[in-house]
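In what follows, a structure is listed as structure tokens, so that the remarks can point back to it.
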Ligand SMILES: Cc1cc2nc3c(=O)[nH]c(=O)nc-3n(C[C@H](O)[C@H](O)[C@H](O)COP(=O)(O)OP(=O)(O)OC[C@H]3O[C@@H](n4cnc5c(N)ncnc54)[C@H](O)[C@@H]3O)c2cc1C
């Protein structure tokens, strides 16, 4: 209304200035006396031109605002008449997923995917770091392989590869660009020494039985197929023909996120700082007291502020990667003495792993698979410009400090390069161009994923502890967790072997690896 | 390697280095969306019904694709793997030649074909031409039992990198492969051709998603030294100095 009035007024001003030339000033004052003081009058006089453009600008702004309002009230917008901090999470949610890494978003996607026909379930993903600067997902090497010894892991890989092959059937969003994982179908090549060749053969048989396309090579065959490898000390090699290689982790993470959000999952940036939970005291058979907890609400602390929001929820999924052990401590898990049942903790902790990017123009080129030597050293190609990434896991006694993500360059000189150059002589001449470090979500108990509900918490599901193969298993694990939550049991893939049961019973599920 | 090639390679490597950092495929190769698809997009964002209809449409398309490429289990059981393969090929509109025959069986443009191939029970298929058909990764299992020597897949919209990785099934026999004009193939899939150790001829012309063909072709030649590689339809002229510089600046700005 105000704009209209102003419009009226200035039109008259304009008309005046055109018809009466220099007499305008008096004409204008005649219309203004009641409303403006003398000062305004003077200003108006001297700024006639500015007034005009002011008006146009004003009108433009008003029109834009009106248009925005109209657009906002069209169906499909999230406009509400009240101002609220848009980054705050909702006050209630059915399921809160802590950790917006690839696991968290995969679970979110599958939860929505499985309850396709009811849009009511409210799923919230809480991630503390919008830049993902410390998330293992984006700091990983991005590899996928079937060459495991445990059937669970092999099946997880096969299912995940199948998912990635059809990724656009799962994760494409109507009228947006299709997902391009940038998958490199280059396979993994494992080299075994005399001492572990028999393990490799057993693993090979398990893998073939599970349906993985793997083949065994003798050292001569390796030499023929990969002439740039020094086969000294190699007794046997296994090579994945299909479904193995590497891809861009960012793309997978973003694809899950984009799809899940298009299906109605709510994203929130903030840290889960506390849980409100209820305790229920129970007695075990031998008279030990035990507390079972039920989480009532999750306290989400907003970044860089004191603001927080408690979110009432029915279920919590712990997908906080390397920090999932810490998250469990917030519910009081693992704080009691170690030997008691109540002190039974989540055996997941961060372990720092370095990845070095090297440049070597005479390296193996397009030919190079993801090579894993029995000494533990691995490398793969990165792009086509003669770049490679490589690394090795440090010995248990020499685990680096995990308070930061700094890279130890001496480690490359001492532990990586000698072994790498021994296996691939071309790498004697290389240049380290950059490096980064990331945290493994390391399961100190048996280095395998932990999937399922914690025995001491009624409503917290875990998907963590994958220790270096979580990225590739995320699609299948996400589905498994969603099944566990919505159906109460595993439907497509029986992963009960990876539950907390084994930790409770002290029966580790160890990979029989050649490294 | 001759001198000009080496310098070409250097240059390409440099360009590739720049590309590595860029990670995401630019979608500029795709033509800008038409007015119809833009307005559909607009409507779909606002109305669930339009979104659902669009979803349906794409699902029906996918269903058809899936049905056509299903495993021909019934035919396989009653007529053997060779007839099943032949039937699959003709059904999709492709053509093939049996071992020891000079005559090709082909579906005509309306998808009709001659059923005489049923007389060649237990004769393996040797050459297959699936150009411009919708063969996909799943359909490949229908050819699994064959010792193919030649496979032509010119302009197949569903042939992607996973398909190329699946070709290892023919690693002991395949000598000639034509994947030119396939819109979905990228370098990531070409790397899988390393398993085809008997390959003698490879046609990788006009693959739209290969972003730096000069380098890729050289790398392919290095990877498959025994194989003759044909790659037409690429603009292999060296990038001009000016353009490269501006690209570098762009990278620096990122
Ligand atoms: C160097 C390296 C190489 C690897 N290579 C491979 C490989 O080749 N193949 C493979 O499959 N895997 C690989 N991995 C392992 C893989 O990266 C991980 O297993 C996987 O990414 C785990 O995913 P995640 O979503 O559970 O964890 P993350 O990606 O770490 O996500 C967890 C998220 O939770 C958030 N979070 C934590 N605590 C809280 C809280 N209290 N509140 C809110 N948010 C919180 C964190 O910010 C983080 O973003 C590698 C890992 C490393 C470090």
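Of the numbered criteria (1) part of a strand (DSSP E or B); (2) away from the ligand (no atom under 14 Å from the Cβ); (3) touching a helix residue (DSSP H, G or I) at 6+ places or on another chain (Cβ under 6 Å), the one residue A:441 fails is (2).
In this structure, does residue A:192 turn out to be farther than 21 Å from residue A:366 by Cβ, surrounded by fewer than 19 Cβ atoms within 10 Å (Cβ to Cβ), touching a helix residue (DSSP H, G or I) at 6+ places or on another chain (Cβ under 6 Å) and more than 14 Å from chain B (Cβ to nearest Cβ)?
On the way: farther than 21 Å from residue A:366 by Cβ: yes; surrounded by fewer than 19 Cβ atoms within 10 Å (Cβ to Cβ): no; touching a helix residue (DSSP H, G or I) at 6+ places or on another chain (Cβ under 6 Å): yes; more than 14 Å from chain B (Cβ to nearest Cβ): yes.
Answer is no for this residue.
Residues of segment A:95-150 that are in a helix (DSSP H, G or I) and either at positive phi or within 6 Å of the ligand (Cβ to nearest atom) (or both): A:102, A:103, A:104, A:136, A:137, A:139. When A:495, A:510 are checked against the criterion of being more than 15 Å from the ligand (Cβ to nearest atom), assigned by the TED database to the domain that holds residue A:144 and in contact with a strand residue (DSSP E or B) (Cβ under 7 Å, 6 or more places away or on another chain), A:495 stands alone in meeting it.
Please report, ordered by residue number, the strands (runs of 3 or more DSSP E) entirely within segment A:267-355 with at least 1 residues that are free of Cβ contacts under 8 Å to residues at least 24 places away in the same chain. Talk me through it step by step, then tell me what you get.
Details: elements: A:271-283, A:289-301, A:308-318.
Here the list reads A:271-283, A:289-301.
There is at least one residue in segment A:430-437 that is under 30 Å from residue A:391 (Cα atoms), buried (at least 17 other Cβ atoms within 10 Å of the Cβ), touching a residue at least 12 places away in the same chain (Cβ under 8 Å) and within 15 Å of the ligand (Cβ to nearest atom).
Selection of helices (runs of 4 or more DSSP H) fully inside segment B:12-91 by the criterion of at least 2 residues being within 12 Å of chain A (Cβ to nearest Cβ) and modelled with pLDDT under 90 returns B:35-46, B:48-68. Taken together, A:327, A:315, A:335 contain a single residue that is at negative phi and within 15 Å of the ligand (Cβ to nearest atom), which is A:327.
Tell me the residue from A:156, A:171 that is more than 14 Å from the ligand (Cβ to nearest atom) and either crowded, with 19+ Cβ neighbours inside 10 Å or at pLDDT 95 or above (or both), please. Give the steps one after another, and end with the answer.
Details: A:156 fails: more than 14 Å from the ligand (Cβ to nearest atom).
Every option except A:171 fails the conditions.
Return yes or no: is residue A:391 in contact with a helix residue (DSSP H, G or I) (Cβ under 8 Å, 6 or more places away or on another chain), within 15 Å of the ligand (Cβ to nearest atom), more than 14 Å from every other protein chain (Cβ to nearest Cβ) and under 21 Å from residue A:249 (Cα atoms)?
On the way: in contact with a helix residue (DSSP H, G or I) (Cβ under 8 Å, 6 or more places away or on another chain): yes; within 15 Å of the ligand (Cβ to nearest atom): yes; more than 14 Å from every other protein chain (Cβ to nearest Cβ): yes; under 21 Å from residue A:249 (Cα atoms): yes.
Against the criterion (in contact with a helix residue (DSSP H, G or I) (Cβ under 8 Å, 6 or more places away or on another chain), within 15 Å of the ligand (Cβ to nearest atom), more than 14 Å from every other protein chain (Cβ to nearest Cβ) and under 21 Å from residue A:249 (Cα atoms)), residue A:391 qualifies.
Confirm whether residue A:256 is over 30 Å from residue A:383 (Cα atoms), within 12 Å of the ligand (Cβ to nearest atom) and under 21 Å from the mean Cα position of the chain (by Cα). No, not satisfied.
Looking across segment A:365-379, the residues that are out of contact with any helix residue (DSSP H, G or I) (no Cβ under 7 Å at 6 or more places or on another chain) and under 22 Å from residue B:217 (Cβ atoms) come down to A:368, A:369.
Out of curiosity, is residue A:426 more than 27 Å from the chain's Cα centre (by Cα), within 14 Å of chain B (Cβ to nearest Cβ) and away from the ligand (no atom under 16 Å from the Cβ)?
Working: more than 27 Å from the chain's Cα centre (by Cα): yes; within 14 Å of chain B (Cβ to nearest Cβ): yes; away from the ligand (no atom under 16 Å from the Cβ): yes.
For residue A:426, the condition - more than 27 Å from the chain's Cα centre (by Cα), within 14 Å of chain B (Cβ to nearest Cβ) and away from the ligand (no atom under 16 Å from the Cβ) - is met.
Within segment A:220-233, the presence of a residue that is away from the ligand (no atom under 16 Å from the Cβ), in contact with a helix residue (DSSP H, G or I) (Cβ under 6 Å, 6 or more places away or on another chain), away from chain B (no Cβ under 14 Å) and part of a strand (DSSP E or B) is excluded. Of everything listed in (1) more than 14 Å from chain B (Cβ to nearest Cβ); (2) within 10 Å of the ligand (Cβ to nearest atom); (3) touching a helix residue (DSSP H, G or I) at 6+ places or on another chain (Cβ under 8 Å); (4) farther than 23 Å from residue A:454 by Cβ, the single unmet condition for residue A:267 is (2). In segment B:74-84, the condition of being under 23 Å from the mean Cα position of the chain (by Cα) and touching a residue at least 24 places away in the same chain (Cβ under 8 Å) is met by at least one residue.
Do the conditions hold for residue A:403, that is, is it more than 10 Å from the ligand (Cβ to nearest atom), outside the structural domain of residue A:200 (by the TED database) and under 21 Å from the mean Cα position of the chain (by Cα)?
On the way: more than 10 Å from the ligand (Cβ to nearest atom): yes; outside the structural domain of residue A:200 (by the TED database): yes; under 21 Å from the mean Cα position of the chain (by Cα): yes.
In short, yes.
Quick one: which residue in A:405, A:371, A:366, A:384 is more than 24 Å from residue A:234 (Cβ to Cβ), within 14 Å of another protein chain (Cβ to nearest Cβ) and surrounded by 15 or more Cβ atoms within 10 Å (Cβ to Cβ)? Break it down stepwise before answering.
On the way: A:405 fails: within 14 Å of another protein chain (Cβ to nearest Cβ); A:371 fails: more than 24 Å from residue A:234 (Cβ to Cβ); A:366 fails: more than 24 Å from residue A:234 (Cβ to Cβ).
Criteria check complete, one pass: A:384.
For segment A:69-88, indicate whether the set of residues that are within 16 Å of the ligand (Cβ to nearest atom), at pLDDT 80 or above and surrounded by 11 or more Cβ atoms within 10 Å (Cβ to Cβ) is non-empty. Talk me through it step by step, then tell me what you get.
Step one: list which residues in segment A:69-88 are within 16 Å of the ligand (Cβ to nearest atom), which gives A:87-88.
From what's left, at pLDDT 80 or above: A:87-88.
The next check asks that each one be surrounded by 11 or more Cβ atoms within 10 Å (Cβ to Cβ); those that pass are A:87-88.
Among the residues of segment A:69-88, at least one is within 16 Å of the ligand (Cβ to nearest atom), at pLDDT 80 or above and surrounded by 11 or more Cβ atoms within 10 Å (Cβ to Cβ), which makes the answer yes.
When A:468, A:488 are screened for being surrounded by fewer than 22 Cβ atoms within 10 Å (Cβ to Cβ), in the same structural domain as residue A:114 (by the TED database) and within 16 Å of the ligand (Cβ to nearest atom), only A:468 passes.
The values are calculated or read from the model by the stated rules, or taken from the named source; none is laboratory data. None of the values given here were measured: they were computed from a predicted structure. Cβ sites come from the backbone with ideal geometry, for glycine too, and all protein chains shown count toward neighbours.
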